[in-house]
1. Name the residue, out of 103, 121, that is free of Cβ contacts under 8 Å to residues at least 24 places away in the same chain and surrounded by fewer than 18 Cβ atoms within 10 Å (Cβ to Cβ).
2. When you scan the stretch 20-33, do you find a residue that is surrounded by fewer than 10 Cβ atoms within 10 Å (Cβ to Cβ) and at pLDDT below 90, even just one?
3. Across the stretch 128-157, which residue is nearest to residue 88 (Cα to Cα) among those that are part of a loop (DSSP other than H, G, I, E, B) and either more than 16 Å from the chain's Cα centre (by Cα) or without any contact (Cβ under 8 Å) to a residue 40 or more places away in the chain (or both)?
4. Looking only at the stretch 28-68, which residues are assigned to a loop (DSSP other than H, G, I, E, B), touching a strand residue (DSSP E or B) at 6+ places or on another chain (Cβ under 6 Å) and free of Cβ contacts under 8 Å to residues at least 24 places away in the same chain?
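The values are calculated or read from the model by the stated rules, or taken from the named source; none is laboratory data. Every value quoted in this text rests on a predicted model; they were computed, and no experiment measured them. Don't worry about glycine lacking a Cβ; one is built from the backbone with ideal geometry, like all the others, and counts go over all protein chains shown.
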């Protein structure tokens, strides 16, 4: 008997917006000139502090991950239940699917009814709340690098990957 295949979920790619992204995490952006006062400045620099806050339990780990361009489609999402995660676009824009948590019999699953695809532009970043579901960034150009930060050891000790019953297809409008 042939197994029926579920229709893919189509997620239009959207720009990051503070109001709608707040339920998933924080947005970090380089402030536009004159939009806010620098925390510190001199003739040589302007420092804008407090662009985002990461709650750390012990040590905070930073790394860089380089991604190749690929089809805007996934059948998996990941989460880190015990830490926030920082993803910052270093040298190119990227797209990624993001979904809040849905509890089913006490277990955490991605809420695919509220899944969205976001475009993170070079010079922007996101800090996901603990447990937010997402997948590895999809670069807009051939390849790009992303600064990644989370509690030390997260990649080994706090990574849950869920296979989805349906494909998520991100569509650029």
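1. Details: 121 fails: free of Cβ contacts under 8 Å to residues at least 24 places away in the same chain.
Of the residues listed, the single one that is free of Cβ contacts under 8 Å to residues at least 24 places away in the same chain and surrounded by fewer than 18 Cβ atoms within 10 Å (Cβ to Cβ) is 103.
2. Narrowing the stretch 20-33 to residues surrounded by fewer than 10 Cβ atoms within 10 Å (Cβ to Cβ): 32-33.
Now narrow it down to the ones that are at pLDDT below 90: 32-33.
Among the residues of the stretch 20-33, at least one is surrounded by fewer than 10 Cβ atoms within 10 Å (Cβ to Cβ) and at pLDDT below 90, which makes the answer yes.
3. 141
4. Selection gives 38, 39, 51.
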